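Working notes, structure below.
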Amino acid sequence: MTSLRRMLTLGLAGGIFATTVISGWFSYREGLAEANELFDAKLAHSARVLQALLDRRLVEDMPDGIGEPLVVEVWKAGPEHLAEPDADEGLAFVQGHVYETELAFQVWDSQGHLRAHSEDGLLQPLAPLQPGFSRQTHHGERWRVFAVYSDSGLWYLVGEDNRIRKSLAKQVAWGIVIPPLLTLPAMIALVWLLLAWGMRDVRGLVKQINARAGGRLDPIVVGRTPREVAVIIGSVNALLGRLRSALERERRFTGDAAHELRTPITALRIHLDNLRFAEDAADRQHAIESLEQALQRLSRLIEQLLALSRLEPGETLPNRAVLPVAPCVARVLDEPAIVELALPVDLQARLGSDELFVLADVTSLELLVRNLLDNALRYTPSGGRVRLTVNRDDDQMLLEIEDSGPGIPVEAREKVFERFHRELGTERDGSGLGLSIVRRLVRILDARIQLDDSPELGGLRVRVWLPLVAADTATDSAADSTDDRAVGT
């Protein structure tokens, strides 16, 4: 496994080394160009100074050019000067400069006679007798030469070994390259330590995750962390949140299934009893058909519960269609379990004369009505009244279920939607899941729910509003939905 710290350290060190070498190369090239400009100017200046000093003397002393050429002595740097440069002046000493030995000059007349030259200088012309700069080769070394012609007919040539220029450019380049290379080990060590210090949060994160119990899915909380580590922690917390939601959906499905399957299982028992005690073949056939329909209804309910359990917040159920409300409510009213719960009370249903259509899922709409009606019937005392009404309220369908039971205190009306919540003092059996499922269904169906006191019956009144859709868009969907539920009656 690759170490991030080692990879970053080696990569940074390699990058510094490469950029230093490249920088040194460009510095050498730039330094050589600048040195050429500077030394060319010095060559031209030296040639003109030499002309000013020697021109008159050479013309007067050697008018015809016959005689020994004038030799000008120059200071020669010894090995001791090259070995021990001056601490402050470098290669410059009291006697002169080391680079003086790399300079040479000559004076020629028009007839090709050498009139003067520097000591140890060449006796052949440094360059062709042409004005300006040129590059020449002498004894295998490259020279830069400047020639100027005086009015007296003399040529002044000043040359310089190219090694001076290259040496200066190399010194500039090494001056740029050497310091970073010398400090590179220290920089690598510093980067290594900084990375170790920066990765401490990652190590702390690893320890915290390893120390967690298997079922602990709360977000990881770490103090001040670098931005890069914070991104990792955020992603891990998002994953934990998804796992937590998945486990919550599993628990919710288990509870919802236990709550919702009571009604169809009760219906199955009733149909089985009817089949067992049927007196003739017609009654048995009717009981068998009712049993098959109840089984199909149970299958669809389980599928719907599975779909509900998989829904994330903000999602909607698939297979939504335009449905007529009255048939769905009527089927719930005809369910054996609802009929059995309604035996000790006076259940009134007013479905209205208008045919109302909503955009919903059949099973979800029936689950909503069944849970609200089941809740009202269970908490209404024997001999009490329960009333279900379906009406139009402007552009919405209004479902009202009222009862004469004990009702719910105002301060507890929000809590009853919580899972497994039951009011203290209630003597009815239940799981506390019915209204929790109702709230989820209300959100899924884009509906609105309100709990208050029934002004006529005195108990609880539940009102649910669902947006209406136009009847002319509902013909096909309504027919499909009615046909689909006909086998579940």
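The values are calculated or read from the model by the stated rules, or taken from the named source; none is laboratory data. All values derive from a computational prediction rather than experimental measurement. FYI the Cβ positions are ideal-geometry reconstructions off the backbone, even for glycines, and counts take in every protein chain you see.
One table, with the values for the structure above:
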| item | result |
| --- | --- |
| Qualifying strands (runs of 3 or more DSSP E) (wholly inside segment 321-406; at least 1 residues being in contact (Cβ under 8 Å) with a residue 60 or more places away in the chain) | 321-324, 357-360, 385-393, 396-403 |
| Which numbered condition Trp192 misses (of (1) free of Cβ contacts under 8 Å to residues at least 40 places away in the same chain; (2) farther than 25 Å from His45 by Cβ) | (1) |
| Tally, over segment 169-204, of residues that are surrounded by 12 or more Cβ atoms within 10 Å (Cβ to Cβ), of a type in the set (A, V, I, L, M) and more than 30 Å from Val221 (Cα to Cα) | 10 |
| Breaking point among (1) in a loop (DSSP other than H, G, I, E, B); (2) in contact with a His (Cβ under 6 Å, 6 or more places away or on another chain); (3) at pLDDT 75 or above, for Gly65 | (3) |
| Residue within segment 422-440 that is at pLDDT 90 or above, surrounded by fewer than 20 Cβ atoms within 10 Å (Cβ to Cβ), under 28 Å from Arg262 (Cα atoms) and out of contact with any Pro (no Cβ under 7 Å at 6 or more places or on another chain) present | no |
| Set Leu247, Leu193, Leu205, Leu240: member being among the hydrophobic types (A, V, I, L, M, F, W, C), at pLDDT below 80 and within 30 Å of Arg5 (Cα to Cα) | Leu205 |
| Some residue of segment 148-158 being in the same structural domain as Phe39 (by TED's automatic domain parsing), crowded, with 17+ Cβ neighbours inside 10 Å, of a type in the set (Phe, Trp, Tyr) and without any contact (Cβ under 8 Å) to a residue 60 or more places away in the chain | yes |
| Some residue of segment 366-382 being touching a Pro at 6+ places or on another chain (Cβ under 7 Å), modelled with pLDDT of 90 or more and surrounded by fewer than 22 Cβ atoms within 10 Å (Cβ to Cβ) | yes |
| Residue in segment 450-489 that is modelled with the highest pLDDT, counting only those that are in a loop (DSSP other than H, G, I, E, B) and over 26 Å from Ser404 (Cβ atoms) | Val469 |
| Check on Gly215, within 30 Å of Gln111 (Cβ to Cβ) and of a type in the set (Gly, Ala, Ser) | no |
| Among (1) in contact (Cβ under 8 Å) with a residue 60 or more places away in the chain; (2) farther than 22 Å from Arg56 by Cα; (3) in contact with a Gly (Cβ under 7 Å, 6 or more places away or on another chain), the one test that Trp143 misses | (1) |
| Arg163 being within 20 Å of Ala41 (Cα to Cα), modelled with pLDDT under 90, assigned to a strand (DSSP E or B) and not β-branched (Val, Ile, Thr) | no |
